[in-house]
Amino acid sequence: MTVVRPLPETGSIFLDARGGDRALRVTWHHESGLVVLSLWRENVCAGSFRLAIDEVPDLIDMLRAGLVRSYETARDRIGAVESA
């Protein structure tokens, strides 16, 4: 069984929309030049991904672009309903 370690000061936990004690932990490891994304179920780490710090801006850009598209789609949908 994986030992649960405390979250470093430079990290966050995001709860899965499906619930069920699922979470994503994001932790910065400046000493290693990495950001670690780990998937948790209850108190067990089910998997992790190590992303080099210099790749983080590309991930942020992709997430931001997806968010913009989501807002545009929602705005268009609301506009269509209001004009009907």
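Listing for the model above:
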read-out	value
Residues located in region 40-52, provided they are in contact with a Ser or Thr (Cβ under 9 Å, 6 or more places away or on another chain), under 20 Å from H30 (Cα atoms) and of a type outside the set (S, T, Y)	F49, R50
Selection within region 33-44 - loosely packed, with under 15 Cβ neighbours inside 10 Å, out of contact with any helix residue (DSSP H, G or I) (no Cβ under 9 Å at 6 or more places or on another chain) and not acidic (D, E)	R41, N43, V44
Hits in region 59-78 - residues which are farther than 20 Å from F14 by Cα and either of a type outside the set (A, V, I, L, M) or surrounded by 11 or more Cβ atoms within 10 Å (Cβ to Cβ) (or both)	R69, Y71, E72, T73, R75, D76, R77
Count of residues meeting criterion [without any contact (Cβ under 8 Å) to a residue 40 or more places away in the chain and farther than 17 Å from T10 by Cβ] in region 27-48	7
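Quick note: the coordinates plus some simple rules give every number you see, no bench work behind them. Only a predicted model underlies this, so the values are computations on that prediction, with no experimental measurement involved. So basically every Cβ, Gly included, is an ideal-geometry build from the backbone, and we count neighbours across all protein chains shown.
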